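Peer 1: First, the structure itself, so that you have it in front of you.
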Amino acid sequence: MAIIVPEKYTVPLYLFHQGENSHAYEFFGSHRDTQDGKSGAVFRVWAPNARTVSVVGDFNHWDRGRHPMNKISDGGIWELFVPGIKQYDNYKYSIESPDGLIKLKADPYGYHMELRPNTASKFYELEGFRWTDQRYIEKLHAKNIYDSAANIYEVNAGSWRKDGENFLSYRQLAEKLIPYVKEMGYTHIELMPIGEYPYDGSWGYQQIGYFAPTSRFGTPHDFMEFVDRCHAAGIGVIVDWVPAHFPKDAAGLYEFDGTSCYEYSDPLKREHKNWGTHIFDWGKPEVQSFLVSNANYWIEKYHIDGLRVDAVASMLYLDYDRKDGEWRPNSYGGHENLEAVAFLQKLNAALFREHPNIMMIAEESTAWPMVTKPADIGGLGFNFKWNMGWMNDMLRYMSMDPLSRPYNHNLVTFSFYYAFSENYILPISHDEVVYGKCSMLDKMGGPREFRFNSMRTFLGYMTAHPGKKLMFMGQEFAQYKEWNFQTQLDWEVLEFEPHRKLHEYVKDLNKFYTENAPLWECDTSWEGFHWISSEDNANSVIAFRRIARNKDELICVCNFQPVRHEIYEIGVPYYADYEEAFSSDDVKYGGTGVSNGTVTAKEEPMHGEQFRISIDLPPMAALFFRIKNKRTPPSQLPQEAVSEPLQPAETEKPAEAPEAPVTPDVTVAPVAPDAPVAPETAKAPEVTETAVPKAEEPAKAPEKPVTSGVSNATEKEETPEKPETKAEAPEKPTAEAPVKAEAKSAENGDKSKEITAHKVGTGGNI
């Protein structure tokens, strides 16, 4: 006989069984209720294959015979009202499996849990907390997250700092972590998984309490207080969310009703053997409702700004971490998990319908296409993705001895060419500083004395690279050891000057990042990026422009070799002054103190640009230049108003000819008839009767073949009109040997070469 579902339950249960209930936590779990004038709690749980289910706890001495639940639907929904339930009362569900075994299970929808190693759920009323972050929420809704700064500080709440041997509570974290993050210039805190987990060593990635903030640090209201205070300080909160798997703990979701309730039943799909965990059955509607509701719960009830979805790659591929014969192909014979794809699309669509300004971040480590594209065009529907390719390439590059870097220059440049294929976050996460991978400082290649320089250069490069940023705690002051979840960070290293200076550098760099829109406003479009030079592999130098929507821009130059170039020339887009706005080589950060101040562009083409500047490029450094005082170049200063394009002259009349058109290789200044050429215009040829520039400008030396040798001289033809542009060549080769660079236009693919002058100073050779 079919069970008649109470009318008031029809809609939520229908949506639940369709996989469309994104608020299932409001129905399932334990909730305050009053029946027959008695106050208590109503309990509801989904256990479709259970013979019987009871509520047990302290209130009935864990006697399953005292409070048996009633089955209220054919879909396996059980319900019971228990009078007299109080805040913090412990409880579990006693479930009789189809084979007659009794299982004690924590509430899958429970809001609070016992402190580990105990695993009981606790009755807890979320209502009653007074939020004060309305102004923050309003500003968030008005903001375009894609065009905003995002500099994320990833934190393990149990090991950032400790109170002696004890964890800091949520409220203590609010008192200490929030001011620190604010002072350091981060915009967001990303917490490693916060849902309840029994085993400390899992770092939260093996949860049993999906709706319960871990009791290690306090109560649900305490966690609300932490988020509220973050928002008061203008700091967003991101939570690491784990739908990819769950542990086999007896009190958790594992074989919840004695059968494969939440997990796949297929042995070729149900388990991550290397992790010792089970895999959600993403095709089951009730599991979809559970997971979508859980994600929505953190955003709605705790005002979380976004979720970082863990291990997405393990969800997408049926053969993930499996050998041949250990996985089952999909209906098309492929290795894609079509059910997981559909679930992720449903998840993101549901969340963005209700919360359009959140961040949904995929930790996806493969080349799966369109991760951050909408589901209705075939994407997965996330709005950000970790750029794992960039991370792997750069950590490999930075770990190399500098002598090897010229032969691996592509590791630095490749990520720029796909930087806008997805909406990326550049992560240096906890995964990179554990299990023998060593700290970030020890990843830096070359002699130990250069590692702090390398770290500063890498972080400067990371800041300039398109994409939002994420850094795991401790790397901002060069944590000396690998991360250990059992101890707090090595804060004592700040007693040593190199660590203290790096800490100051990161603080100033973060502030520089957030204050300069070119570094983040066009992170998702080629509009915000332009190559200057990507091919100087001989010197391991790159240069590029970052551009804001209002066309403000910064120029970044990165030198990945411990070699100084006193004269290093790059093409620039404007005839203007270029002010050094930030340098990793500043003495206060531990650098050599090379400073450029302000340099003025010369009207000489280079790197596909009409102008060039000459800078003093420090060893192992990242420099940022701000453009100031844009003005008309000398060649474009008018002799008189010209309304029509210049026409070829019939006769040679230099005095009457209008100004010659400007070309990248010719500079023409106004001259009077028969007047001598002014020194500043000596480089330009005389205006011909056609006013058409010659194919080769006379003032330049012919191109010379690039050799493997070195030169300390600028390779320009001597001209009596501009003797100051000639650099004297050394009488004989020296040990400090710069390399001639081939400069190619990255913008138009021009294969013509220009000889760049490099003068090596005293910064030392490799």
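Peer 1: If a residue has to be farther than 11 Å from T524 by Cβ, modelled with pLDDT of 95 or more and small (G, A, S) to count, how many in the range 418-439 make the cut?
Peer 2: Looking only at that region, the number is 1.
Peer 1: Looking at the range 150-182 only, could you name the residues that are in contact with an Asp or Glu (Cβ under 7 Å, 6 or more places away or on another chain), without any contact (Cβ under 8 Å) to a residue 40 or more places away in the chain and either surrounded by 22 or more Cβ atoms within 10 Å (Cβ to Cβ) or among the aromatic types (F, W, Y) (or both)?
Peer 2: The answer is none; no residue qualifies.
Peer 1: OK, next. Scan (1) on the phi > 0 side of the Ramachandran plot; (2) out of contact with any helix residue (DSSP H, G or I) (no Cβ under 9 Å at 6 or more places or on another chain) for the single condition Y578 breaks and write down its number.
Peer 2: Status for Y578: all satisfied but (1).
Peer 1: Sticking with this one: Between L307, L380, L351, which is touching a helix residue (DSSP H, G or I) at 6+ places or on another chain (Cβ under 8 Å) and part of a helix (DSSP H, G or I)? Break it down stepwise before answering.
Peer 2: On the way: L307 fails: part of a helix (DSSP H, G or I); L380 fails: part of a helix (DSSP H, G or I).
Exactly one of L307, L380, L351 is touching a helix residue (DSSP H, G or I) at 6+ places or on another chain (Cβ under 8 Å) and part of a helix (DSSP H, G or I), namely L351.
Peer 1: Could you tell me whether the range 407-425 includes any residue that is closer than 30 Å to S159 by Cα, touching a residue at least 40 places away in the same chain (Cβ under 8 Å) and in a helix (DSSP H, G or I)?
Peer 2: There is no residue in the range 407-425 that is closer than 30 Å to S159 by Cα, touching a residue at least 40 places away in the same chain (Cβ under 8 Å) and in a helix (DSSP H, G or I).
This table checks each residue for (1) crowded, with 22+ Cβ neighbours inside 10 Å; (2) farther than 29 Å from R448 by Cα.
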position: F477; (1), (2): yes, no
position: K481; (1), (2): no, no
position: E497; (1), (2): no, no
position: L502; (1), (2): yes, no
position: E521; (1), (2): yes, yes
position: I532; (1), (2): yes, yes
position: I542; (1), (2): yes, no
position: R564; (1), (2): yes, no
position: I567; (1), (2): no, no
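Peer 1: State all residues of the range 6-50 that are over 40 Å from the mean Cα position of the chain (by Cα), among the polar types (S, T, N, Q) and part of a helix (DSSP H, G or I); if no residue qualifies, say none.
Peer 2: T10 - this is the single residue of the range 6-50 that is over 40 Å from the mean Cα position of the chain (by Cα), among the polar types (S, T, N, Q) and part of a helix (DSSP H, G or I).
Conditions tested, residue by residue: (1) touching a residue at least 12 places away in the same chain (Cβ under 8 Å); (2) touching a helix residue (DSSP H, G or I) at 6+ places or on another chain (Cβ under 9 Å); (3) over 25 Å from K301 (Cβ atoms).
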position	(1), (2), (3)
F28	yes, yes, no
T34	no, no, no
V45	yes, no, no
D63	no, no, yes
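Peer 1: Scan the range 228-244 residue by residue and report those that are touching a helix residue (DSSP H, G or I) at 6+ places or on another chain (Cβ under 9 Å), within 21 Å of K346 (Cβ to Cβ) and not aromatic (F, W, Y).
Peer 2: Answer for the range 228-244, where residues must be touching a helix residue (DSSP H, G or I) at 6+ places or on another chain (Cβ under 9 Å), within 21 Å of K346 (Cβ to Cβ) and not aromatic (F, W, Y): V239, P243, A244.
Peer 1: Is it true that some residue in the range 265-282 is closer than 18 Å to L380 by Cβ and either in the same structural domain as L13 (by TED's automatic domain parsing) or among the basic types (K, R) (or both)?
Peer 2: Looking for residues that are closer than 18 Å to L380 by Cβ and either in the same structural domain as L13 (by TED's automatic domain parsing) or among the basic types (K, R) (or both), one finds none in the range 265-282, hence no.
Peer 1: Please specify each residue of the range 483-495 satisfying the condition of being surrounded by 12 or more Cβ atoms within 10 Å (Cβ to Cβ), in a helix (DSSP H, G or I) and not β-branched (V, I, T).
Peer 2: W491, L494
Peer 1: Select, from R44, R32, the only residue that is among the basic types (K, R) and surrounded by fewer than 19 Cβ atoms within 10 Å (Cβ to Cβ).
Peer 2: The match here is R32.
Peer 1: Name the single residue that is farthest from S399 (Cα to Cα) among those in the range 528-574 being assigned to a loop (DSSP other than H, G, I, E, B) and among the hydroxyl-bearing types (S, T, Y). Before you say what the answer is, go through the steps one by one.
Peer 2: Keep residues of the range 528-574 that are assigned to a loop (DSSP other than H, G, I, E, B), which gives 537-540, 548-552, 560-564, 573-574.
Narrowing further to those that are among the hydroxyl-bearing types (S, T, Y): 540, 574.
Working: S540: 14, Y574: 36 Å.
Selected residue: Y574.
Peer 1: Enumerate the pairs (first residue in the range 5-24 and touching a residue at least 40 places away in the same chain (Cβ under 8 Å); second residue anywhere and assigned to a helix (DSSP H, G or I) and β-branched (V, I, T)) with beta-carbon separation below 6 Å, excluding pairs fewer than 6 apart on the same chain, so at least 6 apart or on different chains.
Peer 2: Note: pairs meeting the criteria are S22/V292.
Peer 1: I'm told D257 meets every condition in (1) touching a Pro at 6+ places or on another chain (Cβ under 8 Å); (2) surrounded by fewer than 19 Cβ atoms within 10 Å (Cβ to Cβ) except one. Can you identify the failing condition by its number?
Peer 2: (2)
Peer 1: Regarding H67, is this residue in contact with a strand residue (DSSP E or B) (Cβ under 9 Å, 6 or more places away or on another chain), of a type outside the set (V, I, T) and within 30 Å of E354 (Cα to Cα)?
Peer 2: Working: in contact with a strand residue (DSSP E or B) (Cβ under 9 Å, 6 or more places away or on another chain): yes; of a type outside the set (V, I, T): yes; within 30 Å of E354 (Cα to Cα): no.
Taking the combined requirement at face value, the residue does not satisfy it.
Peer 1: Given the conditions (1) touching a residue at least 12 places away in the same chain (Cβ under 8 Å); (2) closer than 20 Å to A24 by Cα, which single one is not true for R353?
Peer 2: Unmet condition: (1).
Peer 1: Also, I was wondering about something else. Looking at G234, G204, G185 in this structure, which one is small (G, A, S) and either crowded, with 21+ Cβ neighbours inside 10 Å or over 21 Å from the mean Cα position of the chain (by Cα) (or both)? It would help to see each step written out before you state the result.
Peer 2: Working: G234 fails: either crowded, with 21+ Cβ neighbours inside 10 Å or over 21 Å from the mean Cα position of the chain (by Cα) (or both); G185 fails: either crowded, with 21+ Cβ neighbours inside 10 Å or over 21 Å from the mean Cα position of the chain (by Cα) (or both).
Answer to the check: G204.
Peer 1: While we're looking at this one, here's another question. Can you tell me which residue among P518, P498 is without any contact (Cβ under 8 Å) to a residue 40 or more places away in the chain and not β-branched (V, I, T)?
Peer 2: P518
Peer 1: Answer with yes or no whether K346 is crowded, with 22+ Cβ neighbours inside 10 Å, among the basic types (K, R), in contact with an Asp or Glu (Cβ under 9 Å, 6 or more places away or on another chain) and modelled with pLDDT of 95 or more. Outline the logic, then answer.
Peer 2: On the way: crowded, with 22+ Cβ neighbours inside 10 Å: no; among the basic types (K, R): yes; in contact with an Asp or Glu (Cβ under 9 Å, 6 or more places away or on another chain): yes; modelled with pLDDT of 95 or more: yes.
No, not satisfied.
The values are calculated or read from the model by the stated rules, or taken from the named source; none is laboratory data. Just so it is clear, the structure is predicted and the values come from calculations on it, not from any experiment. Using ideal geometry, Cβ is built from the backbone for each residue, glycine included, and neighbour counts are taken over all protein chains shown.
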